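Here's the structure, in structure tokens; my notes come after.
Taken together, the values in this text are just the output of simple stated rules run on the coordinates, not laboratory data. Please read these numbers as outputs of a predicted model, since none were measured by experiment. Heads up, the Cβs are rebuilt from the backbone with ideal geometry, glycines too, and the neighbour counts pull from every protein chain shown.
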Amino acid sequence: MTAVPRMGLLQEDATGLPLMQGSERIAPAVAQEAVHWWMALKSGDTSTAQRARWQRWRDADPAHEAAWQRIEQVGGRLAGIPTPVARAALTAAPASMQRRRSVQLLTAMVVAGGTALVARQSTPWRAFTADHVSAIGERQTLQLPDGGQAILNTGSAINVRFDAERRVLQLVRGEILVQTAQDATHRPFYVETQAGSARALGTRFTVRARDDGSVDVGVLQGAVEMRPLDAPALSQVLKAGFAGRLTRTQATPTGALDGNASAWTDGMLVVSHMRLADFLAELGRYRLGRLGCDPAVAVLQVSGAYPLDDTDSVLASLTSALPIEVHTYTRYWVSVRPRQRHAAAAPKNS
């Protein structure tokens with residue numbers, strides 16, 4: 001597990017939030033569940049049955065209780081602090097971008113004991129303060145200063161750093177599609193990432209930062225040079241129609257690019273014979289909360305074209321095609337599991 005950076009920690013950060021006590025890390029999935037339960041309970045419209053499920057969740061695992069205590073601590077501090085983060089987390093409309101970004105940041109705070117918000121080098125902080133940020137489920141098109149274009153996929157964040165010598169996009173989080181433009185002064189164009197850089201060689205390409213620190217690069221037109229951060233001499237050039245994986249020490253071509261790799265720019269997820277678990281992990285990027293998959297149905301195959309702007313309908317369509325059912329705990333916590341067989345009615349006594 002990657003340690004939370006401790007450099008740059010302050011007694012109070014730019015949002016006005018003080019540091020929290022406790023540095024024990026909590027698993028991101030558990031932290032996210034705790035945040036969603038907290039948001040649901042704060043909404044004031046939870047039923048008795050929902051509150052009972054919440055209590056069972058707390059009792060099911062010591063890690064759940066630890067995460068709940070952490071979000072209670074975070075929430076208590078937010079409630080009394082007049083900051084944009086606090087206002088968005090507690091009062092903004094549920095569908096608003098500000099609310100979504102604040103929920104993401106709350107999860108990061110639970111994971112890292114509150115230090116993620118004030119660690120200046122942490123991904124959550126840098127994403128929250130980036131030049132351009134797309135919310136979960138949102139796609140955002142950005143016109144670049146040189147006439148080029150960048151499209152941000154769901155939950156993405158970039159900084160634009162153009163100067164007299166270079167044109168740079170810093171991909172802080174998520175995924176982008178870049179269409180470069182001719183530059184009168186021939187400045188090189190780079191996408192800088194957590195693992196290294198992708199230099200455009202007159203091109204249209206995608207770059208996706210993954211949670212494990214690696215980066216996927218796909219070239220739709222032209223060519224791209226992948227350069228590892230810690231081993232720049234081991235760079236690799238990808239031509240149109242090919243994909244690669246970039247880490248801090250390696251640049252590895254991975255073969256032909258999936259022809260549907262950029263379908264997300266049109267609001268579609270197009271797959272062929274994908275494992276249900278992998279499909280749900282991908283679909284989950286486009287909706288708030290946790291979308292789980294029971295191991296018993298993980299290997300079922302999914303094929304088709306699915307609209308990303310209505311993930312609830314996608315889940316409903318899967319129940320018609322596969323022997324599964326969708327169980328909704330809260331609007332932020334959904335699980336896909338095997339369809340339950342209903343017992344046949346007992347024969348009547350004659």
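Okay, here's what the table says:
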| item | result |
| --- | --- |
| HN-Hα J in Hz across segment 271-278 - Karplus 6.51, -1.76, 1.60, θ = phi - 60°, x for Gly and Pro | 9, 9, 6, 8, 4, 4, 4, 5 |
| Nearest-0.05 FRET efficiency for Ala240 and Ser317, computed from C-beta distance (R0 30 Å) | 0.35 |
| Total charge dipole magnitude, segment 133-256, about the Cα centre, Cβ charges on Lys, Arg, Asp, Glu only, Debye to nearest 20 | 140 |
| Net charge contributed by nearby residues that have their C-beta within less than 10 Å of Ala181 (K/R +1, D/E -1) | -1 |
| Positive-end residue of Trp264, Ala231, Leu276, charge dipole of segment 205-297 with Cβ unit charges | Ala231 |
| Packing-based ranking, highest mean first, of 249-260, 204-215 given that Cβ atoms within 10 Å are counted | 204-215, 249-260 |
| Highest average packing first - 62-73, 298-309, Cβ atoms within 10 Å | 62-73, 298-309 |
| Share of alpha-carbon pairs per 5 Å distance bin for segment 267-338, given as whole % | 4, 17, 33, 30, 14, 2 |
